[in-house]
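Report on the following structure.
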Amino acid sequence: MTLSILELRGVEKSFGRNHVLRGVDLDVAPGQSLVVLGGSGSGKSVMLKNALGLMTPDAGNIFFDGEDVTRDQGRSRDAMRARIGMLFQSAALFDSLTVWENVAFRLIHADRLKRKEAKERAIASLKKVRLGASVADLRPAELSGGMQKRVGLARAIISEPDLIFFDEPTTGLDPITADAINDLIIEQVKGLGAASISITHDMASARKIADEIAMLFEGKIIWRGPASMIDHSGNAYVDQFVHGRAEGPIQPSI
Amino acid sequence: MSNASTKTSGGFPNPLQWIGVGILATCQELGRLAIFASRVKFAALTPRWFVGAILRQMVSIGFYSLPVVGLSAIFIGAALALNIYSGGSRFGAEQFVPTIVVLGITRELGVVITGLMLAGRVSAGIAAEVGAMRVTEQIDALKTLSANPFRYLYAPRFLAAMVTLPILVLIADIIGVMGGWLVSTQALDFDSTVYLRNTLDFVTIEDVAVGLIKAVVFGGVIAIMGCYHGANSKAGATGVGRAATLSMVSAAVLVLGLNYVMSTLFESIGL
Ligand SMILES: Nc1ncnc2c1ncn2[C@@H]1O[C@H](COP(=O)(O)OP(=O)(O)OP(=O)(O)O)[C@@H](O)[C@H]1O
Ligand SMILES: [Mg+2]
């Protein structure tokens, strides 16, 4: 068994009385593409933020490359983040900067590249997400939602990280662009040997990009298996989610 | 904190408990603010500095505040001259108008008016900008890209405000005195040369320095209140709006309070 690059062990996180994560166990190995499914509000984004250290878990541990990074700060935290790319659900582009400055942000500020070289690499990264050089000098506010998402994606992959989090990479994209993004994720993982955790509601995308699929429900990973098993999971909750049925064991909390 | 709102077991509200909860919550808030402020100061005093960001903030905090500061100063100077004239004329002391105007402006009004106007324009502006960045996850994004928000966002605002506020106050001092001079020579019958000579003979370096020292402190307070409330902004347009209001009110009250404290201090050391 290969050493996992990221491991969450018994991670718990609550907001007041809202117990979002109640003991999440999850790991991902280099070269592996893991898709996490789960209902809206089930805590998928919160899980990624805990893994990145943007939130501190109430209990449990996070291991990155074998090291316990749960409470890391400063330099060691930066060293970890330098190896991780993150696509935020909301894209989270800096609206005071141009598109290319957004994409090249890490290159300019952390890696101290020359602006000219950084811009060239930003444009190359934009090309991978099917955006032309013409958008490079625009501001994020001048782009559509789907275009912003792709700029966020270009920013997440530009420094060829070892681990990439994609929070709903294909939401808001047309089917053709969505499929190009699927190919891009596969290329990052298979071509560059990165590990990825993708959150998605898009089952077509999940089937295409996932090596393994896990499902988050009521604060725990209730099922995990190879992508090919998703239709025969033997788990009523997964079945209901995959087939998008309103009837079943998962009931909206009203 | 979540446990700060626990109800009494009897169901009847206990006033002592309310007071206790209130005091505890205030202490926690002050503690958080103190930690935040010391982290901003540390980031401002140690490398690495984002020079581009500092210069941009100096333009937006300093340069774009010139109109509002200049207008406020000229009106305050003019009104001050009129009031001193009508007050002084009751016991034949009209000739003190230029000296009292320059003293009042440099030691007190120039810096207080500039501080209050910037508590509105700059502190609320910073809080709204930082708050919007927080609720749209841009601050989280900064961290994931290994840019420390204390260095990249807060320290440049803090440094820029501390550098530009004294400059603005110096300009407000000059324009305020000009306001007094304008009214005195146009509406009252002061001689222009005599007025200016009285002003310049009377004012000392110390009078001006007192205002400038206050200005440095106010600059820091204004920037920190904006950053702090923005960084703790709650989600949504109402959350960001509330952060802007809170930062403006707290910065304005702190400016007035600290002004009094520093005036007492300077008085006691004979400045
Ligand atoms: N900063 C926060 N403060 C308080 N509560 C939060 C915070 N962030 C998330 N939550 C709560 O945590 C729960 C899970 O949120 P999260 O964003 O992780 O959901 P999600 O699974 O990503 O849903 P979606 O698919 O809609 O994006 C929600 O109930 C949300 O209200
Ligand atoms: Mg989410």
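No value in this document is a laboratory result; all are computed from the given coordinates. Keep in mind that this is a model prediction, so the values were computed, not measured. Here the Cβ is made from the backbone with ideal geometry for all residues, glycine too, and neighbour counts use every protein chain on show.
Of note:
- Rounded to whole Å, the principal axis extents of the Cα atoms in the stretch A:95-160 read 30, 23, 18, largest first.
- Phi to ³J(HN,Hα) by Karplus 6.51 cos²θ - 1.76 cosθ + 1.60 over the stretch B:200-205, Hz, x for Gly, Pro: 5, 5, 7, 5, 10, 4
- The mean number of partner chain beta-carbon atoms within 10 angstrom of a residue's beta-carbon across peptide B:130-141 is 5.
- Contour excess over end-to-end distance, with Cα ends at A:ASP25 and A:ASP179 and 0.36 nm allotted per residue: 52.5 nm
- Sites B:LEU196 and A:LEU192 - FRET efficiency at Förster radius 51 Å, r taken between beta-carbons, to 0.05: 0.10
- The mean number of Cβ atoms from other chains found within 10 Å of a Cβ in peptide A:51-64 is 1, as a whole number.
- An ellipsoid equivalent to the stretch A:1-69, defined through the eigenvalues of its Cα gyration tensor, has semi-axes of 21, 14, 9 Å when rounded to whole angstrom and sorted largest first.
- The stretch B:16-268 - charge dipole about Cα centre, Lys and Arg +1 at Cβ, Asp and Glu -1, debye rounded to 20: 1120
- 5 Å binning of all Cα-Cα separations within the stretch A:103-254, expressed as whole percents from 0 upward: 2, 8, 16, 18, 17, 13, 10, 7, 5, 3, 1, 0
- Label-point separation in nm, A:ASP68 to B:LEU258, each point 7 Å along Cα→Cβ: 4.2
- Amide H contacts of A:VAL28 (H built 1.01 Å from N, under 5 Å, at least 5 apart or other chain): A:ILE5, A:LEU6
- 5 angstrom amide H check on A:TRP223, placed H, neighbours 5+ away: A:MET215
- Chain B, relative contact order in percent, only Cα pairs under 8 angstrom and at least six apart counted: 29
- Inter-chain Cβ neighbour count for B:142-155, averaged per residue, equals 5 (cutoff 10 Å, partner chain atoms only).
- Peptides A:15-24, B:248-257, B:44-53 ordered by average Cβ neighbours within 10 Å, highest first: B:248-257, A:15-24, B:44-53
- The stretch B:40-147 - Debye-derived log10 I(q)/I(0), Cα point model, q = 0.10, 0.16, 0.24 Å⁻¹: -0.50, -0.86, -1.29
- Of all DSSP beta bridges in chain A, antiparallel share, percent nearest 5: 55
- Once both labels are positioned 7 Å from their Cα atoms along Cα-to-Cβ, the gap between A:ASP95 and B:LEU45 label points is 3.6 nm.
- Separation in nanometres of the label points that stand 7 Å from Cα toward Cβ, at B:ILE19 and A:ARG75: 5.1
- Where only alpha carbons of the protein assembly as shown are counted, the Rg and the Dmax (Å): 29.3, 101
- Along its principal axes, chain B has C-alpha extents of 71, 53, 37 angstrom, given from the largest down.
- Extension gain for the segment A:ARG245 to A:ASP231, taken as residue separation times 0.36 nm less the Cα-Cα distance, is 3.7 nm to one decimal.
- Distance from the alpha carbon centroid of the stretch A:1-64 to that of the stretch B:40-67 works out to 37 angstrom.
- Distance from the C-alpha centroid of the stretch A:203-249 to that of the stretch A:108-132: 37 Å, rounded to the whole angstrom.
- Choice from B:ASN148, B:ASN14, B:ASN83 with maximal GNM fluctuation in chain B (Cα, 10 Å cutoff): B:ASN14
- Couplings 3J(HN,Hα) of the stretch B:214-224, computed from phi: 4, 4, 4, 5, 4, x, x, 4, 4, 5, 5 Hz, in residue order, whole Hz [Karplus 6.51 cos²θ - 1.76 cosθ + 1.60, θ = phi - 60°; x for Gly and Pro].
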